[in-house]
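Colleague: Right, I'll just put the structure down here and ask away after.
Each reported figure results from applying straightforward, stated rules to the coordinates on display, with no laboratory input. Only a predicted model underlies this, so the values are computations on that prediction, with no experimental measurement involved. Glycine also receives a Cβ, built like all others from the backbone with ideal geometry; neighbour counts cover every protein chain displayed.
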Amino acid sequence: MSTRSKLSRLSPEDKAKLCALLRIGTPQKWACRAIGLTYDTLTNYRKRAARGEEPYRSFIRDVEQAQAGYVIERLRVLNADAIGTPLTCGRERGDNRALKWLLDRLFPKDFGWRRMRL
């Protein structure tokens, strides 16, 4: 096995593109495909990051921060709708169904509708 990490084979441009795609809400699987990285490889990077290995830990931190940026921006828009703040995109207050749908589909554990059992 080579001593050079697989992660070092990703160019800085590919890493930046991956994070940019995640910041606009692209699912990880598709963002990986766009830069020629398999989702399984990203999963392996996560495992190595969890063990504290560098540069994997830093890379996964960047990936997670990019995805968090997307969620935070969507929540900002939803909050603006809820209090009636005008938005620059010209949407009318209360028209947040598409954003709710995206959050529900992309992050069902955090934002999905859950049935209550009585």
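Colleague: Tell me, R33, R61 in order of fewest to most beta-carbon neighbours within 10 Å?
Modeller: R61, R33
Colleague: Between R61 and R33, what is the label-point separation in nm under the 7 Å Cα-to-beta-carbon projection?
Modeller: Here the answer is 3.1 nm between the modelled labels.
Colleague: Separation between the D14 and V77 pseudo-spin-labels, each 7 Å from Cα along Cα→Cβ, expressed in nm?
Modeller: Going by the 7 Å Cα→Cβ label model, 3.0 nm.
Colleague: Another question, if that's okay. Going by how many other beta carbons lie within 10 Å of each one, how would you line up S8, S58, fewest first?
Modeller: S8, S58
Colleague: Another question, if that's okay. In nm, what is the difference between 0.36 nm times the number of residues separating D110 and R46 and their Cα-Cα distance?
Modeller: 21.0 nm
Colleague: Let me ask something else. Using a 10 Å cut-off around each Cβ, can you sort L42, L7, L78, L18 from fewest to most neighbouring Cβ atoms?
Modeller: Ordered by Cβ neighbours within 10 Å, fewest first: L78, L42, L7, L18.
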